[in-house]
1. Which residues' amide hydrogens lie under 5 Å from the amide hydrogen of Thr59, considering only partners 5 or more residues apart or on another chain, with H built in the peptide plane?
2. Beyond 19 Å, what share of the Cα-Cα pairs of the stretch 183-241 is found? Please give it as a whole percent.
3. Separation between the Asn357 and Ala165 pseudo-spin-labels, each 7 Å from Cα along Cα→Cβ, expressed in nm?
4. Length gain on complete extension for the stretch Glu24 to Glu127, per 0.36 nm per residue less the alpha carbon to alpha carbon distance?
5. Calculated FRET efficiency, Arg79 and Ala31, Cβ-Cβ r, R0 51 Å, to nearest 0.05?
6. If you plug each phi of the stretch 139-146 into the Karplus form 6.51 cos²θ - 1.76 cosθ + 1.60 with θ = phi - 60°, what whole-Hz ³J(HN,Hα) values come out, in order, with x for Gly and Pro?
7. State, in angstrom, two size descriptors of the stretch 331-482 derived from its alpha carbons: Rg to one decimal place and Dmax to the nearest whole number.
8. Quick one: angle between helix 276-285 and the longest Cα principal axis of the chain, in degrees between 0 and 90, rounded to 10, please.
Amino acid sequence: MGIRTGAEFIRGLQDEREVWLGKERVKDVTAHPLFRPTIDSLARLYDMQHDAAYRDVLTYRSPTSGQPVGLSFLIPRSRDDLVRRRQMIKTWADATYGMMGRSADFLNTMVMAWAAKSDYFAQQHPECAERVRRYYDYCREHDVFLTHALIDPQVDRSKTRAEQADPYLCLGIVRETRQGLIVRGSKMIATAAPFADEILVWPFPPTLTEAEARYALVFIIPVATPGLKIICRESFTKLGHPADHPLSGRFDEMDAVAVFDDVLVPWERVFLYGDVRLVANLYVGARIREMTAHQTNTRFLSKIEFVYGLLCHMAEAIGVHNAPAIQEMLGEAATFIEIIRSALLAAELQAEVDPSNGVMYPALQPLQVGRTWAPRMYPRLMEMVRRLGAGGLMQLPASVEALDSPIGRDLQQYYRGAHISAPEKVRLFKLAWDLVGSDFGSRHLLYELFYAGDPSMLMAGFHREFDKRACLARVQELFSTP
Ligand SMILES: Cc1cc2nc3c(=O)[nH]c(=O)nc-3n(C[C@H](O)[C@H](O)[C@H](O)COP(=O)(O)OP(=O)(O)OC[C@H]3O[C@@H](n4cnc5c(N)ncnc54)[C@H](O)[C@@H]3O)c2cc1C
């Protein structure tokens, strides 16, 4: 089959999935007015794979069929492969201005990382490794779009999974059958779940005690599996004139909670289960984080380039771009771009082949710098948009359509910028408000804070893992030097 078109992606979503938006069960997500704009944005990414202008960047030849398949499935075996992967990810991210954190390339990358280290799964049983490889092939050849849900519902974080009053608050195994595992419980937050073909599940954070074998399970099933409910948050999609909501009108990824009511997971789709040690160590042991961090840093780079560009336009629009204080702020924003870009390049430059599988892994530490700093950079960038936009973020008509109304002349006169017309200034500042002030924008701030996990734990983990020996030795050296 190979790469899908946007139309094929959309048809694939017209199934029996159980998606809830408020009290409405959405019969066909592709026909829902609040979902359709995002689905169209995702479909465009699939169409880009067929466009001669992007085909070579976005696809490569399938090792099995020889047909073009998505390049985010490429298992990197050289630095050049890593560069090609980054270029692919960046091209898709740029097409959505970095606003789609969970575009298909994110989980394609995770499934690719699993397949690259399928031997990890063989520790449970050689068949598990086979399943991983078969699933990876299936995903690649069918251009599958996955979401994932790893976190337990936020009820009482002072208790472990096993200590919760309801043993199936957190997703767990109810029983084994000849067909597979019956699972019950809930997982959050599955971004893009209504738009995904399949859902990948495993417990995170990977704290599992010996008493928690029931919760040690790693599987992937179709979103349209009987008994699986997808409960969406409020939609942040804004209908109406596109210039009023240039981002929220197109890119609301949607976030959801997945509820499993005694769902059958066929054995073919169970990759690990019951072994707390193996499941807990999966993320680190199978070297998943190097690969996914390469993707997430690249997507973040695209987004902050866009934000910096917006800040520069805003400064010019109101004639403050030459003020030293504003330039200092813009300079700080530009350093963020350079830090993330440098982290990516450093990770590729220091990439090494893992002798166990011949796969080229980007260096982890520089990528973790990107991961730990994104939750600090993004709120700061949003503060800059507010500081720079100031009252201009409120000096906006309810709709750009007002420019063509009886008050249009007033708007032309009072809503223009230093060197730009009122329609241009209004459009620019509407974009800024959508990014920083809308419910969509607020969600993006939350996303950048938490998408890679709890930011404080990430930073603490960086310290714990950091190779401190040389730094400690320097201090000892001073003491031992007469
Ligand atoms: C917009 C968005 C999209 C997301 N998309 C996905 C997705 O696609 N797939 C997915 O699997 N997950 C997704 N997530 C979930 C994300 O991984 C989690 O939000 C993140 O790991 C933090 O976990 P939590 O939300 O359960 O916070 P909690 O663990 O409940 O933490 C809440 C607060 O309590 C603090 N805290 C928690 N435990 C302790 C402790 N022991 N000591 C001190 N402080 C503590 C935390 O620091 C935090 O400030 C998404 C989250 C957001 C916000």
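Throughout, read-outs are computed from the coordinates displayed, never taken from laboratory work. None of the values given here were measured: they were computed from a predicted structure. A quick note on method: Cβ atoms are made from the backbone with ideal geometry, for glycine too, and the neighbour counts reach across all protein chains shown.
1. Under 5 Å from the amide H of Thr59 lie the amide H atoms of Leu71, each far enough along the sequence or on another chain.
2. Of all Cα-Cα pairs in the stretch 183-241, 42 percent lie more than 19 Å apart.
3. So the two model labels end up 4.3 nm from each other.
4. Length gained between Glu24 and Glu127: 33.0 nm.
5. In this case the efficiency is close to 0.65.
6. With coefficients 6.51, -1.76 and 1.60, one gets 4, 5, 6, 10, 6, 6, 9, 9 Hz.
7. Both quantities, over Cα of the stretch 331-482: 23.5, 84 Å.
8. Helix 276-285 and the main axis of the chain meet at about 50 degrees.
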